[in-house]
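Bear in mind these aren't lab numbers, they're just calculated from the coordinates by the rules spelled out. What you are looking at is a predicted structure, and each value in this text was computed from that prediction instead of being measured. Counting neighbours? That spans all protein chains shown, and the Cβs are built from the backbone with ideal geometry, glycine included.
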Amino acid sequence: MQKVFVALGVLVLALLAGCKAAQDTTVTPGIDSLDSLSIDVLNLLDSLPTFTEARLDLGNTNLVAHSQGGDVALIALAIAGEGSKVSVPISAASIWSGCFPSRFVQLETYEPMQKSPQAFLSGDGTWNGTAVSASGEINPEFVFGYPADWIGTPVVDEWTWQRDTFSQPLVAAAITSKLDQMYAAINGQVGDIDDARYELKKSEDGKSSVVHDERVSAAYARIDAYYMEEFLTEPLVLQHSDRDFYSFPEWNEDLCRRVSQSGGECFDFEYVGNTHSLRVSENLWFSGEDATPGFLLALRRDVALFAGEDPIHVE
């Protein structure tokens, strides 16, 4: 990837971080690690003019981000776009398999999908990629149809080591375990909050939902760039799979739609059957027989974006 961008002759900053980082950021009060990384990116942009020995085209500085780096990229892009006070603004950005919805959504998605089989099984406990079993039973706690392909198999009866990883039988238990850590950290470390609490509710059909402390919700809302589309004015490309629970297709589509409606320029590209790294899994249950890896096409689309061309027409 580096050689491609060097050959292109533009400056590209790469932000690479695993989505598991989201599990840590949700329990860190105040300025969490993602915000700290965003500050690092902004400081780097401000310092680029001091690299006098390097021949850098600071008029075309771009971001490419993967996974949790997408969250960092959105924050940086919202601050350092056109018209910002940052000395080197960002010209365009591409996010691959971005983990960027609100901290609450990330926690309530990633934690059960990594800990509880109930999050991806159908209503009778079998796997078919949906909440509805062959006999019509519905799993009200269903989160997403595809666990990560490294699980080997989503068929629980065939599990060995997987049972140790997916040790929480219930989605609600996986969520509350992480929320307990989050709220303990907030109450113990935030100076003006020591009594924050959340409430887990169950609907009539058995679906869990969380009601958060209003003070906590307000604080996290101020750092979620996912909902600050009016500041995402530079060209933005989102590239993702259709079966990656770290980056729901709906999240990407929603962000791109809101950015476009706010006057920005956003392109949403989906790669069917791909993994989190935009490759094809060796497991047929995950990728199927006809999937093609999206990595190289995604890279070509980035090249077009950073060269000021339309990535839609790239093949």
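How far is helix 103-115 tilted off the main Cα axis of the chain, in degrees rounded to 10, range 0 to 90?
In the chain, helix 103-115 runs at an angle near 50 degrees to the longest axis.
Toward the positive end of the charge dipole of the stretch 103-220, about the Cα centre and with charges on Cβ (Lys, Arg +1; Asp, Glu -1), which of Ser133, Ala173, Ala184 goes farthest?
Ala184
In a Gaussian network model over the chain where Cα atoms closer than 10 Å are linked, find which of Leu15, Leu170, Leu232 has the largest mean-square fluctuation.
For the chain, modelled as a Gaussian network with Cα springs under 10 Å, the answer is Leu170.
Any chance you could check the Cα centroid distance between the stretch 141-201 and the stretch 284-302 for me, in angstrom?
Comparing the Cα centres of the stretch 141-201 and the stretch 284-302, I get a distance of 29 Å.
For the chain, what is the calculated [θ] at 222 nm in deg cm²/dmol (nearest 500), taking -39500 (n - 2.57) for each run of four or more DSSP H residues and dividing by its residue count?
The helix contribution divided over the chain gives -10500 deg cm²/dmol.
If I take R0 = 35 Å and measure r between the Cβ atoms of Ser209 and Asp290 in this structure, what FRET efficiency does the formula 1/(1 + (r/R0)^6) give, to the nearest 0.05? Before the final figure, lay out each step's value.
Details: r = 37 Å, r/R0 = 1.06.
Step by step, r from the Cβ atoms, then E = 0.40.
Any idea what the dipole of the stretch 103-220 comes to, in debye rounded to 20, about its Cα centre with Lys/Arg Cβ at +1 and Asp/Glu Cβ at -1? Working shown, then result.
Working: 9 positive and 18 negative charges, 25 e Å.
The dipole of the stretch 103-220 has a size of about 120 debye.
Of the options Val303, Leu278, Asn252, report the single residue whose Cα projects farthest towards the positive end of the charge dipole of the stretch 211-309 (beta-carbon charges: Lys, Arg +1; Asp, Glu -1).
Val303
Using only the alpha-carbon atoms, how far is helix 69-79 inclined from the longest principal axis of the chain? Give it as 0 to 90 degrees, nearest 10.
That helix lies at roughly 50 degrees to the long axis.
By its C-alpha gyration tensor, with a ≥ b ≥ c as the square roots of the eigenvalues, how is the chain shaped: rounded for a/c under 1.5, else prolate for a/b larger than b/c, else oblate?
Details: a/c = 2.18, a/b = 1.33, b/c = 1.63.
Because a/c hits 1.5 or more and a/b fails to exceed b/c, the chain counts as oblate.
With everything on Cα atoms, drop me the angle between helix 171-189 and the longest principal axis of the chain, reported from 0 to 90° to the nearest 10.
It works out to around 60 degrees.
Alpha carbons only, please: Rg and Dmax for the stretch 103-220, in angstrom.
Taking only Cα atoms of the stretch 103-220, I get Rg and Dmax of 16.0, 53 Å.
Normalised by the residues of the stretch 237-280, what does the relative contact order come to in percent, with Cα pairs under 8 Å and at least six apart? The partial results should precede the final answer.
On the way: 62 pairs, mean separation 23.3, N = 44.
Computed over the stretch 237-280, the figure is 53 percent.
Ranked by Cβ crowding within 10 angstrom, fewest neighbours first, how are Ile223, Ile75 ordered? Could the numbers behind the result be given before it?
Numbers: Ile223 18, Ile75 24.
Result, fewest neighbours first: Ile223, Ile75.
Only Cα pairs under 8 Å and at least 6 apart count here; give the relative contact order of the chain as a rounded whole percent.
Details: 596 pairs, mean separation 57.1, N = 315.
Relative contact order here is 18 percent.
Could you tell me the relative contact order of the stretch 103-220? Use alpha-carbon pairs under 8 Å, at least six residues apart, and round to a whole percent.
Numbers: 162 pairs, mean separation 25.9, N = 118.
Over the stretch 103-220, the number comes to 22 percent.
Can you sort Thr160, Thr176 so the residue with the fewest Cβ neighbours within 10 Å comes first?
On the way: Thr160 8, Thr176 17.
Going from least to most buried by this count: Thr160, Thr176.
So how strong a dipole does the chain carry about its Cα centre when Lys and Arg Cβ are +1 and Asp and Glu Cβ are -1, to the nearest 20 debye? Kindly include the intermediate steps, with their values, before the conclusion.
Numbers: 20 positive and 46 negative charges, 94 e Å.
So the dipole magnitude of the chain works out to roughly 460 debye.
Of Leu200, Leu11, Ile90, whose Cα points farthest to the positive end of the dipole of the chain (charges on the beta-carbon: +1 Lys, Arg; -1 Asp, Glu; origin at the Cα centre)?
Leu11
Assuming R0 = 22 Å, what is the FRET efficiency of Glu199 and Leu170, from their Cβ-Cβ distance, to the nearest 0.05? The partial results should precede the final answer.
Details: r = 17 Å, r/R0 = 0.78.
The calculated FRET efficiency here is 0.80.
Assuming a strict under-29 Å limit between Cα atoms, what lysine pair count do you get for the chain once near-sequence pairs (fewer than 8 apart, same chain) are dropped?
13
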